[in-house]
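**Student:** After the structure tokens below, expect a handful of questions from me.
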Amino acid sequence: MDAMEYKGYRGVVRYSAGDRLLHGRVLGIDDVVNFEGADVEKLEKAFHEAVDDYLALCEKLGRAPDREYSGRIPLRIDSALHRRVAIAADSEAKSVNSWIADALEVATMPRRADPVTRRKTRRAPRKKTG
């Protein structure tokens with residue numbers, strides 16, 4: 001799914017056939033900020049206005065707006081899973097952190113339809129060279 005970006009904020013969009021509108025929401029913040037438009041131009045304008053309104057409201061309330069995530073995830077998992085992850089990471093000569101980051105990267109890649117089965121699949125990550 002493609003995301004829109006404006007002033008460091010990302011918005012994700014879905015189409016609603018019921019009301020024939022594009023509906024979006026701003027990602028990565030604790031507040032709920034939505035926007036909508038009948039076409040891409042109106043949607044983009046509404047997204048920009050929603051972000052600007054959010055920033056103005058935060059300023060008016062005297063609080064800092066939410067920003068991008070820090071990149072740190074405190075993670076609690078079952079000890080048996082922890083062991084399997086550590087073994088898998090070691091077998092690929094990676095740290096547990098790098099192995100989990102790679103697994104999350106694959107899990108969040110856009111899905112594409114397999115031309116043979118027509119089922120959604122995830123693309124394999126490209127091997128880094130160099």
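All of the numbers you see were taken from the coordinates with simple rules; none came from a lab. Owing to the predicted nature of the structure, the values given are computational and were not obtained by experimental measurement. Cβ atoms come from the backbone with ideal geometry, glycine included; neighbour counts cover every protein chain shown.
**Student:** By a straight-distance test (C-alpha under 20 Å), which aspartates and glutamates pair with Lys60 as possible cross-link partners, with residues fewer than eight away in the same chain excluded?
**Tutor:** Asp30, Asp31, Glu49, Asp52
**Student:** Can you give the charge dipole size of segment 3-61 about its Cα centre, rounded to the nearest 20 debye, using +1 on the beta carbon of Lys and Arg and -1 on the beta carbon of Asp and Glu?
**Tutor:** 160
**Student:** Within straight cross-link reach of Lys45, meaning Cα distance under 13 Å, which aspartates and glutamates are found once same-chain residues fewer than 8 apart are removed?
**Tutor:** Output for Lys45: Glu5, Glu36, Asp53.
**Student:** Now, a different point. Using the per-residue mean of other Cβ atoms lying within 10 Å as a proxy for protection, in what order, highest first, do the peptides 43-56, 75-88 fall?
**Tutor:** 43-56, 75-88
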